[in-house]
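Undergrad: Have a look at this one.
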Amino acid sequence: MTNLAVNGAGAVRSSGTVLWNGLRGAGLKEAARRYKRFPLYSTPSTLIKALLTRLPIFLLAFFFDETVVGLYGRAFAVLAIPLSLVGAAVAQVFFVHAAEAMREDRLAGLTATVHARLVMLGLFPSALLMLAGPDLFEAVLG
């Protein structure tokens, strides 16, 4: 058996009742009732985000050939992976501190500080990509 199967079996054995009770109708109905407005707020922003991230690909495909779109896709992937890792890590820490700051009425200051630090963190890599981008991508992507 693989580690996943062994760990999964152990989790079900030790917490099976808790898992089953969480999936029962009453708890599920209560959660659905409590968070029924959540899709109303999250769906439009998620849809807009999805459209905006894919808009350059549609525009490039309209104006250029598939070679340009393919190169853009590869370059985007090379840049998006590390940026998403950093962004996810910063977001996790920020949300914890933001909840505390909101209770203490200092959220605006925290947000400004995090924004300034992220700008400073991204300034050098952005300048490097603007100056040496074509040579760097040629070396990395071939």
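Undergrad: Rounded to the nearest whole Å³, what is the per residue volume of the convex hull around the Cα atoms of region 69-123?
TA: For region 69-123, the hull spanned by Cα atoms encloses 82 Å³ per residue.
Undergrad: Order 132-140, 31-39 from most to least packed using the mean count of other Cβ atoms within 10 Å.
TA: Values: 132-140: 11.0, 31-39: 9.3.
Final packing ranking: 132-140, 31-39.
Undergrad: Sort Leu141, Leu59 by accessible area with a 1.4 Å probe, largest first. Show your work: numbers first, answer last.
TA: On the way: Leu141 35, Leu59 85 Å².
Result, largest first: Leu59, Leu141.
The values are calculated or read from the model by the stated rules, or taken from the named source; none is laboratory data. It should be emphasised that the depicted structure is a prediction, and the values quoted were computed from it without experimental measurement. Using ideal geometry, Cβ is built from the backbone for each residue, glycine included, and neighbour counts are taken over all protein chains shown. Note: areas computed on protein heavy atoms with side chains; ligands, DNA, RNA excluded. Shrake-Rupley method; radii C 1.70, N 1.55, O 1.52, S 1.80 Å.
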